[in-house]
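Asks: Here's a structure for you.
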Amino acid sequence: MINVPKLSVIIPVYNVEKYLAATLDSVVNQTLRDIEIICVNDGSTDNSLQILQDYAARDSRIVVVNQVNSGQSVARNVGIALAKSNMIAFMDSDDILDLKAYKTALSKMTDDIDFVVFGIQTVGGKNPEIQKSDDEYYRIKYSGKTKITTDVINNTDVSPCNKIFRKSILKKHNLTFPEGLKFEDAYFFFCYGLLSNYGYYITDNFYKYIRHEDSTMGQTFSNKVGVSIDHLKIAIKFYEYLVQHKMYNRYELFFWKTFLVYLDLAVRYEHDLSARNEIYKLASDFVAMHPVSVKLDFWAERKLKMIKNQTFEKTKYLFLGLIKITETYNRKKYRFIGLPVYKIKFFSGYSKHYICGIQYRIKKC
């Protein structure tokens, strides 16, 4: 008879020898003992594989899978396919988990609950503003059993590492992590959230997220060229899932709000002009091919119109000046005018100015 563990924990591993032992210790020492720990070594070139094999030799609950480097999404999908339990948790290989996290969370996973989520504490951020933003983003904003709506999804962090999911939902709806893209967590959680009826929210910060330069978000905040566009690609991938599973008509408004948020993220963290233009071009092509049939707010409609017209920046500034118009004897007459100037930048790099003169007052000297 095959023993089915209460929980399958999936850990992708890639070149994390500095952090891996602490991560594994926090999992193998969980107060919930009946678990399987699937570690997928994603082509590490350091000592990560050896560390995994050493732990597996001492703990039969650890399963080590070794594969060529294929990315975090592929590693997680491999783990999902191998998981014996219907309850699935994910963990990153450089983070730390509170020892009572899984026992507490799994106890809330009753038959009417589709996922359980607990809080995340970020550690190691050097930027105080980013740290403050992280604290608010990962703050649990609900408590206990919660009906899942699009508003609830928007107010829940997208990390898979502080949640327990049902494999039966993933299998039924053919949901996996998108391969070849970063920021795959957003796609996965948005899709899973829309497939859920109820979630259970635990306010304790059971998960310690170690931020460092090599992480995906670390690359984003360090403005690494070409990374940020995946925010937009993930939004488009989300659209494709909704269409494929006949969910788009129901969630069209939610999609377009998400699309604009992730377009903004893509642009905000990309400071290379050529790469930024590529983001806007991708957005423009998508908007042109997918007309919106729901009512958006004024600013969302304005943003989509600018994207469709292939303008990515519209700025307004005021030119002020004194213009001499007459001179009689020793008296000079000036007109003090303000000129609102609109500057529009196009994808091609071309800029166009629109000037509208408005007379404000007359000043005599």
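The values are calculated or read from the model by the stated rules, or taken from the named source; none is laboratory data. Everything quoted here is computed from the prediction, not taken from an experiment. Note that each Cβ is placed from the backbone with ideal geometry, even for glycine, and that neighbours are counted across all protein chains shown. For accessibility, only protein heavy atoms count, side chains too; no ligands or nucleic acids. Shrake-Rupley method; radii C 1.70, N 1.55, O 1.52, S 1.80 Å.
Asks: Say whether the condition of being at pLDDT below 80, touching a strand residue (DSSP E or B) at 6+ places or on another chain (Cβ under 7 Å) and closer than 23 Å to PHE183 by Cβ is met by at least one residue in the range 297-313.
Replies: yes
Asks: Can you go through SER133, SER159 and tell me which one is within 18 Å of ILE210 (Cα to Cα) and either in contact with a Phe, Trp or Tyr (Cβ under 7 Å, 6 or more places away or on another chain) or assigned to a helix (DSSP H, G or I) (or both)?
Replies: Details: SER159 fails: either in contact with a Phe, Trp or Tyr (Cβ under 7 Å, 6 or more places away or on another chain) or assigned to a helix (DSSP H, G or I) (or both).
One residue alone meets the criteria, SER133.
Asks: Looking at this structure, is ASP285 acidic (Asp, Glu), open to solvent by 40 Å² or more (accessible area, probe 1.4 Å) and at pLDDT 85 or above?
Replies: Working: acidic (Asp, Glu): yes; open to solvent by 40 Å² or more (accessible area, probe 1.4 Å): yes; at pLDDT 85 or above: yes.
Judged against the criteria, ASP285 is a match.
Asks: I've got another one for you. Given the criteria out of contact with any strand residue (DSSP E or B) (no Cβ under 9 Å at 6 or more places or on another chain), open to solvent by less than 20 Å² (accessible area, probe 1.4 Å) and at pLDDT 95 or above, does LEU242 qualify? Please lay out each step first, then the result.
Replies: Values: out of contact with any strand residue (DSSP E or B) (no Cβ under 9 Å at 6 or more places or on another chain): yes; open to solvent by less than 20 Å² (accessible area, probe 1.4 Å): yes; at pLDDT 95 or above: yes.
Judged against the criteria, LEU242 is a match.
Asks: While we're here: Restricting attention to the range 85-114, which residues are closer than 15 Å to LEU7 by Cβ, open to solvent by less than 60 Å² (accessible area, probe 1.4 Å) and of a type in the set (Ser, Thr, Tyr)?
Replies: SER85, TYR102, THR104 - these are the residues of the range 85-114 that are closer than 15 Å to LEU7 by Cβ, open to solvent by less than 60 Å² (accessible area, probe 1.4 Å) and of a type in the set (Ser, Thr, Tyr).
Asks: Looking only at the range 23-54, how many residues end up being open to solvent by 30 Å² or more (accessible area, probe 1.4 Å) and either in contact with an Asp or Glu (Cβ under 9 Å, 6 or more places away or on another chain) or of a type outside the set (Lys, Arg) (or both)? Quick ask: steps written out before the conclusion?
Replies: The first filter runs over the range 23-54 and keeps only residues open to solvent by 30 Å² or more (accessible area, probe 1.4 Å), leaving 25, 29, 31, 33-34, 45-47, 49-51, 53-54.
Next cut, either in contact with an Asp or Glu (Cβ under 9 Å, 6 or more places away or on another chain) or of a type outside the set (Lys, Arg) (or both) only: 25, 29, 31, 34, 45-47, 49-51, 53-54.
The number of residues fulfilling the criteria is 12.
Asks: Then there is this: Which pairs do you get when a residue that is more than 20 Å from LYS84 (Cα to Cα) and in contact (Cβ under 8 Å) with a residue 40 or more places away in the chain, found in the range 19-41, comes within reach of a residue that is outside any loop (DSSP other than H, G, I, E, B) and open to solvent by less than 20 Å² (accessible area, probe 1.4 Å), reach meaning Cβ atoms under 6 angstrom, with the pair 6+ apart or on two chains?
Replies: LEU20/SER48; SER26/LEU97
Asks: Filter the range 18-69 down to residues that are assigned to a helix (DSSP H, G or I) and not hydroxyl-bearing (Ser, Thr, Tyr), then give me how many there are.
Replies: Of the residues in that region, 16 qualify.
Asks: Another question, then. Might you let me know whether the range 115-132 holds any residue that is at pLDDT 95 or above, touching a helix residue (DSSP H, G or I) at 6+ places or on another chain (Cβ under 6 Å) and closer than 9 Å to GLY199 by Cβ?
Replies: There is at least one residue in the range 115-132 that is at pLDDT 95 or above, touching a helix residue (DSSP H, G or I) at 6+ places or on another chain (Cβ under 6 Å) and closer than 9 Å to GLY199 by Cβ.
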